[in-house]
Amino acid sequence: RFVIKGSLAGAAVYMAYDQGLLGSGTQGAEALRKAQAALPPAIQEWTSYLGWEVRAVQLPPTPKFDFSPSDSWNKGVQTVMSALSVAPTRACEYTVEGWKYVKDLVK
C-alpha cells in the first residue's frame, strides 16, 4: 500500500510540476487558463461515456475564475511582512497588558 500511495503522490507532484503549477506566477496562470479551456470538453466526454447524459438537462457552464496566482502570492507576502513588521510592537503591548492584569490580580 505504501508503494502505491507513494507512487500516486509522486505522479501527482510530477504532473503539477510538468503543467507549470510549481513554477512562477505567470506559469501558474497559464496552467489555469489551460485547465479552464480543457475542463468543459472533458466533463462532457465523461458524462457521455458514463451514460449520465440526459437530453432534457444540460450541464451548467463552468464558472469563470478571475484569479491571478501572482496577485494572490503578492498579497500573501505583503500580509505576512506586515504582520512580521508589527510583531515586536504587538508583543510589547501584550506583555504590558499581561503584567497589568497580573498586578491587578495580586492586589
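Looking at region 15-40, I want the residues that are touching a residue at least 12 places away in the same chain (Cβ under 8 Å) and have a partner that is outside any helix (DSSP H, G or I) and open to solvent by 60 Å² or more (accessible area, probe 1.4 Å) with Cβ atoms under 6 Å, at least 6 apart or on another chain. Which pairs are those?
Hits for this filter: Gly28/Leu21; Ala31/Gln19; Ala31/Leu21.
Can you pull out every residue in region 88-102 that is of a type in the set (Gly, Ala, Ser) and under 35 Å from the mean Cα position of the chain (by Cα)?
Correct list: Ala91 only.
The values are calculated or read from the model by the stated rules, or taken from the named source; none is laboratory data. Just so it is clear, the structure is predicted and the values come from calculations on it, not from any experiment. Glycine also receives a Cβ, built like all others from the backbone with ideal geometry; neighbour counts cover every protein chain displayed. Calculation scope for accessible area: heavy atoms of the full protein, side chains included, ligands and nucleic acids excluded. Shrake-Rupley method; radii C 1.70, N 1.55, O 1.52, S 1.80 Å.
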